[in-house]
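K.L.:
Before I ask anything, let me first share the structure, which is written out below as structure tokens.
The values are calculated or read from the model by the stated rules, or taken from the named source; none is laboratory data. Source: prediction; values computed, not measured. Cβ coordinates were reconstructed from backbone atoms using ideal geometry, including for glycine residues, and neighbour counts include every protein chain displayed.
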Amino acid sequence: MRTHAQAVVIGGGVIGCSILYHLTKLGWKDVVLIERDELTSGSTWHAAANIHGLHDSTNISRIQHYTMGLYKELEQETGQGCGVFQPGSLYLAQTIEREHQLRLQAAKAKLYGMNFHEVDRDEAERLHPLVDFDGIRCIMWEPDGGNVDPSGVTQAYATGARQNGAEIMRFNPVLGTEQQPDGTWIVRTEKGDVSTPWVINAAGLWGREVAALAGIDLPLQPTEHQYFVTETIPEIAAMDKRLPSVADRDGEYYLRQEGQGLLVGAYEKNMKFWAEDGTPLDFAHDLFDDDLERIEENMLRAIDRVPVVGTAGIKRVINGPMIWSPDSNVLLGPVPEKKGYFCCNGIIPGFSQSGGMGLMVAQWIIEGEMQYDMFPWDMARFGSWATDGAKGKAFTKERVRDQYANRFKIHFPNEERSAGRAVRTRPVYQRQKDMGAVMGLNFGWEHPLWFADTPDTKDTDGFTRQNWWGPVGEECKMLRANAGIIDISNFAKYRCKGAGASDWLNSVFANNMPKSIGRSCLTPLIGKRGGIAGDFTVTRLAEDEFWIIGSGMAERYHKRFFNEVPLPTGTTFTSETEAMCGFNVAGPQSRAMLQSMTNTSFATDDFPFMRSKWIELSGVKVLALRVSFTGDLGWELHCATADQDRLYAALLETGKAFGAGPVGSRALMSLRIEKGYGSWSREYSPEYWPQEVGLDRLCKMDKDFLNKAAVAETMGNPAREHMVILSLDAAQT
């Protein structure tokens, strides 16, 4: 066994083996995988192993498309069979909303060269004569859909990795992971220790336990999941072709051919947790007792759609564990607080994504960044609020319950799930709720999306205009005509202080930092490939002190970038997000409104654009910045969290005389789009270069800053895309 490696992968399931394989494909040969039992232990070996390319997310579709094309290449490269069957997949829509979803996916597929198109009933019946298509509104066809052999795929990745120089240690439990003073790691195992700069946690069901060895708490929870395989069905035995799989998500089941029978699986409402206090270390190739009564309703819907299921005997039932994150997406990426520790945990469609996820991990570790923007799957989207204390643990558990039970539910644009909330609130929370605020979730924080006429109003969801469309429009009109008061406390807030603060910030951000006290600037943060990793507002409060505003949901994500540049001795960089809150008062009456609350002059000459002052409003000390994300005349007002409710009450009361009232974040998003302001994770992302989104003017190439070389390379190339503003005339969208 090697005593040193470029990277150590912990976990020998399909994901761990794919990561190992892709590390070797990108050039790292001195890599090791450690598995406590046999390869495929845990969830891999018993998976249904369906493969499909389509997903609501374009980048996940790309990852799945890559994975599906990889399996036959793996067979040729390694000589190890992957058991690939690709008879195609039929996607059924029983409702208008499901039809909209499938048509959206088909449009994205066409854009990226994927084959996913509509077929009529006659063609569908030819493709799958056992399905009753009565009541189906729309049928989509994916010619490459199918399934693989889970053990074969895992062994193929392992064989390919070994052929490329990797070492795999089976039956070798990891006992500890210890970070050294220089940031490297020692992985302690029963058969010896390995030192490495990179530990990759791909431990599947044991992801929590492996993370805990390094002092890391991951928001993960295992559940039981069942599917059954029927006895031989004569109609299938008589066929000379393999039947396509069926995705009837309105029926909440999946179905495909297995041998000469059918495999039927379901995500039931009455789901069941497993191993809530930790996954047993002696669990390997085990299953649970059958409990088909839990999925009886799903089975009946499958029988209605494919009647032969009801006449076939059941050959075997698989009831095994899966492990979920709170939003059912993978926890992917380096742990910001632990240099050299990488997570890839909680993947549900493992065989649709194994190749792409392995490639993303290898790219991130070896090249510093992935080719796609994967922030919605970045483990940094969750903080300690999702794991700490009773609230955190309840959040993860209830979100997993919701995700499992609604696995096949359509997830609509702007949808907010209520499970597990509220986990983080600020002093104004109850006041806002009483005012009719409909709340959203941002990095655990509750914040107002919009204000309804009555308390306890809930969002409706869909692809067309919903119940919030009208009220949000009224909020926009109020702000444009008079003024609006927006809670911006969910913005990330930082303070940088010390003699080296200016130099350090200049070495991190692409723009020049303000030289005069009270001035502010906008600046991008550049990623490893020269794209936009973030956008910030930086204000100079004093000669040696700066105030920085960024994306709230990306606060932990951005921590990685800040950690890359060592702070000078005596200089500090701290988060103020919990200690400070903020409001944006914007609109043509904002100046008069705020002027009525203070002796500080808000006149243009006294308070120019992109300037700041410490002022007092109704007895509250406030940092006022003349800037507004809506694009209107306006000020950001930042105060201590303890003073938030007092300031909010004063702003609301004063605002009445000026036609001002509360405005939610959906109106803010609408207004900034009208103005043409980009937003990080929407128009701004690591996939886009500064010149493609109009931020190249803020990249000062006459100084050094983080990832300058990467952005310099992009500056020499023509823009691949351009951010544009479209004006749509649509009665109903």
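K.L.:
Could you list, in sequence order, all residues of the range 375-426 that are at positive phi and in a loop (DSSP other than H, G, I, E, B)?
P.N.:
Answer for the range 375-426, where residues must be at positive phi and in a loop (DSSP other than H, G, I, E, B): Asn414, Gly420.
K.L.:
Gly436 is checked against (1) more than 18 Å from the chain's Cα centre (by Cα); (2) at positive phi; (3) surrounded by fewer than 16 Cβ atoms within 10 Å (Cβ to Cβ) and fails just one. What number does that condition carry?
P.N.:
Evaluating Gly436 over (1) more than 18 Å from the chain's Cα centre (by Cα); (2) at positive phi; (3) surrounded by fewer than 16 Cβ atoms within 10 Å (Cβ to Cβ) leaves (3) as the failure.
K.L.:
Any residue in the range 556-569 that's surrounded by 15 or more Cβ atoms within 10 Å (Cβ to Cβ) and modelled with pLDDT of 95 or more: show its pairings with residues that are acidic (Asp, Glu) and not in a helix (DSSP H, G or I) at Cβ separation under 8 Å, as long as the two are six or more apart or on different chains.
P.N.:
Correct list of pairs: Tyr557/Asp378; Lys559/Glu337.
K.L.:
Among the residues of the range 268-298, count how many are without any contact (Cβ under 8 Å) to a residue 60 or more places away in the chain and buried (at least 17 other Cβ atoms within 10 Å of the Cβ).
P.N.:
2
K.L.:
A further question follows. Looking only at the range 606-633, count how many residues are over 32 Å from the mean Cα position of the chain (by Cα) and either in a strand (DSSP E or B) or within 19 Å of Phe546 (Cα to Cα) (or both).
P.N.:
Quick first cut of the range 606-633, residues over 32 Å from the mean Cα position of the chain (by Cα) only: 606-624, 626, 633.
Filter once more, so that each one left must be either in a strand (DSSP E or B) or within 19 Å of Phe546 (Cα to Cα) (or both): 607-617, 620-624, 626.
Total satisfying the criteria: 17.
K.L.:
Any idea which of Arg407, Arg465, Arg426, Arg431 is at pLDDT 95 or above and farther than 18 Å from Asn490 by Cα?
P.N.:
Arg407 is the lone residue from the list that is at pLDDT 95 or above and farther than 18 Å from Asn490 by Cα.
K.L.:
Note down all Cβ pairs under 6 Å where the first residue falls in the range 45-70 and is farther than 15 Å from Tyr112 by Cα and not assigned by TED's automatic domain parsing to the domain that holds Pro143, the second is among the hydrophobic types (A, V, I, L, M, F, W, C) and assigned to a helix (DSSP H, G or I), and they're at least six residues apart or on different chains.
P.N.:
none
K.L.:
A further question follows. Can you pull out every residue in the range 658-694 that is free of Cβ contacts under 8 Å to residues at least 40 places away in the same chain and not in a loop (DSSP other than H, G, I, E, B)?
P.N.:
Met669, Gln691, Glu692
K.L.:
Follow-up question, since we're still on this one. How about the range 74-94: which of its residues are surrounded by 13 or more Cβ atoms within 10 Å (Cβ to Cβ) and part of a loop (DSSP other than H, G, I, E, B)?
P.N.:
Gln80, Gly81, Cys82, Gly83, Val84, Gln86, Pro87, Gly88, Gln94
K.L.:
Could you give me the residue pairs with C-beta distances under 6 Å whose first residue belongs to the range 91-104 and is assigned by TED's automatic domain parsing to the domain that holds His128, whose second residue is part of a loop (DSSP other than H, G, I, E, B) and among the basic types (Lys, Arg) wherever it lies, and which are 6+ apart or on separate chains?
P.N.:
Taking only residues 6 or more apart or on different chains, the pairs are Ala93/Arg137; Glu99/Arg137.
K.L.:
Restricting attention to strands (runs of 3 or more DSSP E) lying wholly within the range 177-259, give those where 2 or more residues are among the hydrophobic types (A, V, I, L, M, F, W, C) and touching a Ser or Thr at 6+ places or on another chain (Cβ under 8 Å). Outline the logic, then answer.
P.N.:
Details: elements: 185-189, 192-196, 199-201, 221-230, 245-248, 253-258.
Correct list: 185-189, 245-248.
K.L.:
So which residues in the range 217-242 are surrounded by 18 or more Cβ atoms within 10 Å (Cβ to Cβ) and over 24 Å from Thr44 (Cα atoms)?
P.N.:
Let us first name the residues in the range 217-242 that are surrounded by 18 or more Cβ atoms within 10 Å (Cβ to Cβ), namely 218-230, 233, 236.
Scanning the range 217-242 gives Ile233, Ile236.
K.L.:
Among the residues of the range 49-75, count how many are farther than 26 Å from Phe412 by Cα and of a type in the set (Gly, Ala, Ser).
P.N.:
Looking only at that region, the number is 2.
K.L.:
Being in contact (Cβ under 8 Å) with a residue 24 or more places away in the chain, more than 30 Å from Phe412 (Cα to Cα) and of a type in the set (Gly, Ala, Ser) is true for just one of Gly81, Gly88, Gly135. Which residue is that?
P.N.:
Step by step, each of Gly81, Gly88, Gly135 is checked, and only Gly81 is in contact (Cβ under 8 Å) with a residue 24 or more places away in the chain, more than 30 Å from Phe412 (Cα to Cα) and of a type in the set (Gly, Ala, Ser).
K.L.:
Specify which of the listed residues (Asp277, Asp327, Asp290) is under 25 Å from the mean Cα position of the chain (by Cα) and in a loop (DSSP other than H, G, I, E, B).
P.N.:
Asp327
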